[in-house]
1. Mind listing the long-range amide H neighbours of T76? Cut-off is under 5 Å, sequence gap 5 or more, other chains count too, H placed in the peptide plane at 1.01 Å from N.
2. Between L120 and I18, what is the FRET efficiency for a Förster distance of 22 Å, r being their Cβ-Cβ separation, to the nearest 0.05?
3. Once both labels are modelled 7 Å past Cα along the beta-carbon direction, what's the E78-I92 spacing in nm?
Amino acid sequence: MPVSNINLLEKFLNYCSIKNQIINKNIANSDTENYHRQDVEFSGTFNEQLNSLLKVTEPQHIRTFQNPNQNDFEITEEKPDGYLINGNNVDIEKEMAELAKNTLNYRFASKKISDYFKTLQSVIKGGGQ
């Protein structure tokens, strides 16, 4: 796995961490008057990176993610049409589902990074010989 992909996974872990904080903030404010749900945007940049990965000039070329150090996400405030009586737009069930999804994403990325470094450590030690 190229180092730039590890950097991308690290960015994804940072995103998951911030998303976890935002989801918890939304849950904590689910009964606060006029609170607007917040979210973290990451997928647009990720999709751009993925598309650049898939575009190759020769079938034998393998591209890696570019610009791994750019800011890959931003916090946004949602103002959808549907509000509760108190002006709040947080759906607690949606937030709990997002929290579960985010937890799985974090575990996946941390496992991939962990596996990479375990493999690297094994190679350094001589492949278990």
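1. For T76, whose amide H was placed from the backbone, the distant partners under 5 Å are D39, V40, E41.
2. Values: r = 27 Å, r/R0 = 1.24.
For L120 and I18, the calculated efficiency is 0.20.
3. 1.7 nm
Bear in mind that the values in this text are calculations on the coordinates, not laboratory data. Just so it is clear, the structure is predicted and the values come from calculations on it, not from any experiment. Cβ atoms come from the backbone with ideal geometry, glycine included; neighbour counts cover every protein chain shown.
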